[in-house]
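Everything below concerns the one structure shown next.
The values are calculated or read from the model by the stated rules, or taken from the named source; none is laboratory data. Since the structure is predicted, the reported quantities are computational estimates derived from the model, not experimental observations. Note: ideal-geometry Cβ built from the backbone for every residue, glycine included; neighbour counts use all protein chains shown.
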Amino acid sequence: MSDNKMSEPPNNPVVIQWILDTRSWFPSAAKTRDLEVHASRPLSLLTPTERASVLKYFHVRDAKMALASALLKRYAIARLAGVAWSSTTPGFTRDERTTKPIWRDPATGAQPVAFNVSHQAGIVALVAVADYPGPGAQSEAGAEVEVGVDVVCTSERRDRDQDLIRKEGWGSFVDMHADVFAMGETTYLKYQVLSAVPGLVERGAGGGPPTPEQVADGKLRAFYALWALREAYVKLTGEALLAEWLGELEFRYFRPSWPTPAWDVPAVETKEGEEEGEDAQVLRKFEIRFRGKKVEDVNMCLRSMGPDYMVATAVRTPEDPNVGLRWRLGPYETLALDDLLNFADSAV
């Protein structure tokens, strides 16, 4: 613990990490319009504009994630800021500088909760920080707390990815995304990642050589780990993947977190102070460079959830980096839809 009083965590900030798993929601809803019947209760908790935004999706799976995202943001604000569910509506807006979605208390203009949401393949994740003095409040030093999260699923587009790699080659696959990666990252992915990450590729049947598909699966896991890390970092800043400086941000010698056996099997945590082994299911140590300079003020975590999902989380407290760097980004808590509905009924 630092002797510098400015580095003491003020007011015991609360770091929240929640997940909604929509994959089993409303099994009778074959089409998006079916949600108007089968999801009438959760849809009723949204504004007409929000409902229209949910129901605009062609695929019901995407509509369910949009519904979960809207509900999760409202739940976070109502619960963490201590306001009525209906009172959250007027506060949702966008940051004037970054256009990042935020929530301001209509009465005070303060941001009692800083949050960020991500969704992929049926999973919706939210990270939030509350009870931090003025989180998100603008000052000459920037936002007092910034958060970012990204969920990736290595299997969602596996058939498409494998087909592209077979037809075009791994190098071409990486080059298709080179405009959002740093040059060093594309070089690492194309030529170094297999030798740099032991165990990345599974062995073939009977312990023999891996198949081309197994080799591609290993490389793809590293690719999606990088994607999640970069996306969480970029979302933390409030920028988008079109930011002019994307090529100047580099994650060096990155690797994916080791998969867990199943979705409901929690990742094994590396104890604080211990070395992260080759089979670490939670990674916290990253070498990040921005414009050649080492980034040392961002707290990041890459966590496996089952064999296919990885969640990257990023937090930063720019005015006093030591505060955010000390926060332990632990496991995500999976919430049930009924939890949110019951809370909404009580938080009138």
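Among the residues making up the stretch 228-262, those that are in contact (Cβ under 8 Å) with a residue 60 or more places away in the chain and either surrounded by fewer than 19 Cβ atoms within 10 Å (Cβ to Cβ) or on the phi > 0 side of the Ramachandran plot (or both) are 238, 239, 241, 246, 247, 248, 252, 253. Residue count for the stretch 72-109 satisfying the condition of being surrounded by fewer than 19 Cβ atoms within 10 Å (Cβ to Cβ), hydroxyl-bearing (Ser, Thr, Tyr) and assigned to a helix (DSSP H, G or I): 3. Taking (1) outside any helix (DSSP H, G or I); (2) modelled with pLDDT of 95 or more in turn, residue 33 satisfies each apart from (1).
Scanning for something at pLDDT below 95, aromatic (Phe, Trp, Tyr) and within 25 Å of the chain's Cα centre (by Cα), does the stretch 68-75 turn up at least one residue? No: the stretch 68-75 contains no residue that is at pLDDT below 95, aromatic (Phe, Trp, Tyr) and within 25 Å of the chain's Cα centre (by Cα). Test residue 253 against the stated conditions and say whether it is over 26 Å from residue 122 (Cα atoms) and of a type in the set (Phe, Trp, Tyr). Here the answer is yes, as residue 253 does meet what is asked.
All of 245, 258 fail the test of being closer than 21 Å to residue 315 by Cβ and outside the structural domain of residue 332 (by TED's automatic domain parsing), apart from 245. Count of the stretch 144-196 residues, restricted to those that are buried (at least 21 other Cβ atoms within 10 Å of the Cβ), closer than 18 Å to residue 247 by Cα and touching a residue at least 60 places away in the same chain (Cβ under 8 Å), is 3. If I filter the stretch 36-48 for residues that are surrounded by 16 or more Cβ atoms within 10 Å (Cβ to Cβ) and without any contact (Cβ under 8 Å) to a residue 12 or more places away in the chain, do I get at least one hit? No, the stretch 36-48 contains no residue that is surrounded by 16 or more Cβ atoms within 10 Å (Cβ to Cβ) and without any contact (Cβ under 8 Å) to a residue 12 or more places away in the chain.
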